[in-house]
Amino acid sequence: MRKILCCLCVSLFLFSCGKSSEKEIVLADLGNDLIETSVFEGDLNKYTDENAKKLAKLTDFELDEIILYVDSGALSEKIILIKADKEVLQTISERLKKENKSLQESYSSYNPDEVVKLKNAVLEIITENTLIYCVSSDYQVIEECIQSYIKK
């Protein structure tokens, strides 16, 4: 009986250690916090669900959730927040890196200030299932917002 009880206690301990201690991030809240930082020069329009997937060119991915804020004018500013499987996020991250490079080339000929924003864009998988891509005028403020949000 003692052995069974001991094995049970060890199993429970090991099981509890294996649980993720990451806080579940609510994308809508994070998006609102990022918008409130006021580091965006343009007016960003918010899209969710299928419209966001289409505009972000991510219709071929299975996503749990997506929120897209995109500039309505000629600026490169945007926020993409995605919840999905870790492998899917890795693939999307690579795609967004390529898109960012392409946009840098495009903007270099007519709006070089946007190239600086794109070079300093924040592209991170911030939790096991959450990705952020943010192009703004101040990447440090965005990073601080993300870090403070994760630590809440």
(request) Let me know the volume per residue of the alpha-carbon convex hull for segment 33-150, in Å³. (result) 92 Å³
(request) Among VAL70, LEU103, ILE80, pick out the residue whose Cα is farthest towards the positive end of the charge dipole of segment 61-110, where Lys and Arg carry +1 and Asp and Glu carry -1 on C-beta, about the Cα centre. (result) LEU103
(request) Select from segment 86-152 those GluC sites (Glu not before Pro) which occupy a DSSP coil region and have at most 15 other Cβ atoms within 10 Å, ordered by residue number. (result) GLU128
(message) Please report the net charge: other residues with Cβ closer than 10 Å to the Cβ of GLY42, K and R +1, D and E -1.
(response) -3
(message) I want to check the label-to-label distance for ASP29 and GLN147. Put each point 7 Å from Cα in the C-beta direction and report it in nm to one decimal.
(response) 2.1 nm
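Since every read-out is calculated from the coordinates, none of them should be taken as a lab result. This structure is a prediction, so every number in the text was calculated from the model and none was measured. Don't worry about glycine lacking a Cβ; one is built from the backbone with ideal geometry, like all the others, and counts go over all protein chains shown.
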